[in-house]
């Protein structure tokens, strides 16, 4: 059964044929209408608007061929399926069947199954074509199809609105003669020869702009998206055409406005640009914008949108391609929007910015004016200041804690020494008693038994054996506490503005003590510390550099060995290289991917999840080594093997000059 009632019109001068087909079609769920001649068929076709018509070839007065021709002229029947039917095959000319406008031919007498299958196929094709026609007719853009001769075979209502011609005026006519300006005819015909034979061409698969001639003679600028399809073994061109004349007019008006404000644009240190709907791509920019984003020309820049000059994600984890339209929508709704944004140059260098989006009206159209200011240096300075303040606070806290721990530790250490001495003296006294009591115990068996029982009850032999070991472990633990306390004091070395000579090997050992909890579960540490003279430096800053690199190494190894019982290795080497001190910190982590190596020293760049990394550690390390010490910070990395960071610091004044 069909899913809904399709109307079928049967035209035949024999009553028995009409009655038989009515029974078959109604039983199958179709709505049946019957006509006995051409005149009645035309009336019913107008009134009932059938989905399919079947016409007998041999009828009195007007035959089936002429009836089909007449039906095809009725509004709404041009594309509906019409089939001819006849009990005589001899003398039947297939060419006449097609020429009259029929889509199919059925031979009488009918096989019920074959008849219903043929009807069902035509209904499915009709439904599909109806849906496609509805889409085409509802489309806001012009949809035009031409065959391999360049003749129009489809022309939707939007094409009529865009170019002024009705469908009846263009169907079957050459598109190039019709709407292409005459000066382009030669180029169009030459290109179309290739398309007609191969289905290819410079415009196929692309969206291009080109002029078109309206019916009234004026030219419009169209955006054409062209594709190719093979239908009945012939190449057809399918074009979606949009009139962008108004858009071009707005762009021209904006350019005119730019000229009026050129002095302001040229002298501004901020990047200033405009964005226009519907694409919200940039439509103009000032020279500062090109320098800002490292773009060569304004033409290149106006092919971009905000998402093209932004990283994939913003610092809060939101996709730039999602958040940018939100900011644009807010500015269009509220009139302005001011916010911080991470942009990036065309070669991928990040830029911390403030962005002011202002909605402006120009000749009846709303566009956005964007003013972008680079605050990367300000953010870096704020980060360094905040980092310095944090280090200062941590340093004071560490020094205070170290002092508070040191005093009771000393009390405990002194008490342990006293108890250890008293324990040893007590053992000596007991040994003396045992020696003096030996003769008496030999003579008095009962006394000897009671003393042996008392010694066993007190586990005297175990205490005598293990007591000294317990004191040794306690002393070792107290020495460990003292070492950590000294390391905390040294690591929290008060910040100074002037460089002072420092023992970097000792500083590295101190940092390893402080960072032990970060690496002890995932890595073994190996040091190869060569002889270094005192290095003029800001020791507090360098301690932080060493700590950052050691913690990063531990994290890299931790990511690699996670879920296993294996450990990696952190190796620290120091050497003197001419007039420089070299510090090399290596790890056996996963290495740094080639694609991000050029970015690891950039402020706020991090590969860690949101909330787990600020992207400041390596940027601050680079600033400390290069900007504050005039040194070098480099690295070598091999994916899957590990990474080594090299710090080189100048040794001026190392010879006592």
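No lab work stands behind these numbers, since they all come straight from the coordinates. Computed from a predicted model, the values in this text were never measured in an experiment. Cβ: placed from backbone, ideal geometry, glycine included. Neighbour counts: every protein chain shown.
Relative to 2.2 N^0.38 Å, what does the C-alpha radius of gyration of region 500-650 come to as a ratio? Two decimals please.
On the way: Rg = 14.9 Å, N = 151, 2.2 N^0.38 = 14.8 Å.
Region 500-650 yields a ratio of 1.01.
With r defined as the distance between the Cβ atoms of residue 207 and residue 528 and R0 fixed at 41 Å, what FRET efficiency is calculated, to the nearest 0.05?
0.05
Sort 189, 33 so the one with the fewest other Cβ atoms within 10 Å of its own Cβ comes first. Write down the numbers at each step before the final one.
Working: 189 14, 33 21.
The order, fewest Cβ neighbours first, is 189, 33.
Counting only alpha carbon atoms, the long axis of helix 112-138 and the longest principal axis of the chain meet at about 70°.
Given the DSSP H assignment, sum -39500 (n - 2.57) over each helix run of at least 4 residues in the chain and divide by its residue total; what's the result at 222 nm in deg cm²/dmol, nearest 500?
Details: 20 runs with 302 residues, N = 657.
Dividing the helical sum by the residues of the chain leaves -15000 deg cm²/dmol.
For region 139-243, the Cα-based Rg and Dmax, in that order, read 12.5, 36 Å. Remark: 270, 216 ranked as 216, 270, counting other beta-carbon atoms within 10 Å and listing the fewest first.
In this simple spin-label model, placing a label point 7 Å from the Cα along the Cα-to-Cβ direction at both residue 73 and residue 40 gives a separation of 2.2 nm. Site pair residue 628 and residue 445 shows an inter-label distance of 8.3 nm when each label is modelled 7 Å from Cα along Cα→Cβ. In terms of Cα atoms, the Rg and Dmax of region 260-374 work out to 13.2, 40 Å. Need one number: % antiparallel among DSSP beta bridges in the chain, to the nearest 5. Counting DSSP beta bridges with both partners in the chain, the antiparallel share is about 75 percent. Counted over all Cα-Cα pairs of the chain, pairs farther apart than 34 Å make up 70 percent. What is the distance in Å between the Cα centres of region 116-165 and region 206-259? For region 116-165 versus region 206-259, the Cα centre distance is 20 Å.
In a solvent-free Debye calculation with one equal scatterer on each Cα, what is log10 I(q)/I(0) for region 33-85 at q = 0.14, 0.18 Å⁻¹, listed in the order of the q values? For region 33-85 at q = 0.14, 0.18 Å⁻¹, log10 I(q)/I(0) is -0.28, -0.47. Separation of region 435-453 and region 518-585, taken as the distance between their Cα centroids, equals 64 angstrom. Roughly how tilted is helix 376-443, in degrees to the nearest 10 and between 0 and 90, from the longest Cα axis of the chain? Roughly 40 degrees between the two axes. Sorting 32, 645, 339 by the number of Cβ atoms found within 10 Å of their own Cβ, with the fewest placed first, yields 339, 32, 645. If you fit an axis through the alpha-carbon atoms of helix 445-457 and take the longest principal axis of the Cα set of the chain, what angle between them do you get, 0 to 90°, nearest 10? Between helix and principal axis, roughly 30 degrees.
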